[in-house]
C-alpha cells in the first residue's frame, strides 16, 4: 500500500509540473504576442487618424525646433501650409523630408538654412528665422524685409516693432518676395533698413522693456540723396503720434553734409528717449543732424524748399 501511495503522489506531481509548464508557456506567449498586437493596432489606428483628419488639422506632424519668441499663430499657419504645399501627403520618410525642406525654402522668404529630420511622429524642422524690420508697401504689393533687406511675404507680427518705409522710388518688379526680388538693390530702401537695424541693435543692447523702435511708425526716404531738395533732410522718421525725427543723410554719409556723426545721432535720440521716458507727446520735431545742437530739442518745422 505504501508503494501505491508513492506512485500516486509521483503521478500527481508530474501532472502538476506539466500544468505549471503550460501555464508558463502561455504566459510567455501572451506577453510576447500582446505587445505586437498593441503595436500593430496603434499603427493601424495612427494611419486611420492621419487619413481621416484633414491636412489643416494635422499640424502636429510639423515640429518647429527653437522657434523665435515672436512667432505668432498667423505666421505659424503660413509655415505649416508651406511645409505641406497646402495639402501634400506627409509619409514620414526621407523623400517627404526633402519635399518639406524644398517647400519651406520657398515659404515666402521667412526661413533660411532649413534642415528637416524625421522622427517616429514628426518632421523636426530647424532653420534660421528672418526677423522683419520693415514693411514696404507698393502700389500693387506689400512685402517685409529683414536687416539684410531680404524680402518676405507680408504677415502681420504685432509682437515686433516693424516700421513702414515710405517715399521710396518704386520700379516694376522690385516688390517681389523671394530670391527674384530686386528690393535689396534699392539704395533708398536699403538706407532706411540700415537705420532701423542700428536702432534695433541699440534696443537689444539696452534690453529694458519695450524699446524705442516700438514708437517709430514710419521712415520717409522721399528726399533720399536730396533728390527733391538739397537743403531739406534726406531721411526723416515719424513716431506713432506724428513726432518728426530729422535724421539726415544715410549712414556713413554724414560728413558730406556737415552733420553730426551717426553715433552722435543715435546718442542724441536715446538721450531724449531716456530723459522723457518716451518719444511721444513732447516735441513736435526732434533734430538729430544739426552740429549746433548738443541735445535734441523741439524746433520749428523746417521750411520746405522748392529746389
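Looking only at residues of region 163-188 that are modelled with pLDDT of 95 or more and buried (at least 21 other Cβ atoms within 10 Å of the Cβ), we find that the one that is farthest from residue 70 (Cα to Cα) is 165.
Would you call residue 59 in contact with a helix residue (DSSP H, G or I) (Cβ under 8 Å, 6 or more places away or on another chain), at pLDDT 50 or above and either buried (at least 16 other Cβ atoms within 10 Å of the Cβ) or closer than 23 Å to residue 115 by Cβ (or both)? So residue 59 fails the test. Could you go through region 206-223 and let me know if any residue there is over 18 Å from residue 135 (Cβ atoms), touching a strand residue (DSSP E or B) at 6+ places or on another chain (Cβ under 8 Å), surrounded by 13 or more Cβ atoms within 10 Å (Cβ to Cβ) and modelled with pLDDT of 95 or more. Yes - at least one qualifying residue is present in region 206-223. Taken over region 82-121, the criterion of being under 28 Å from residue 133 (Cβ atoms) and assigned to a strand (DSSP E or B) is satisfied by 111, 112, 113, 114, 115, 116.
The values are calculated or read from the model by the stated rules, or taken from the named source; none is laboratory data. Bear in mind that the values here come from a model prediction, so they are computed numbers and not experimental data. Cβ coordinates were reconstructed from backbone atoms using ideal geometry, including for glycine residues, and neighbour counts include every protein chain displayed.
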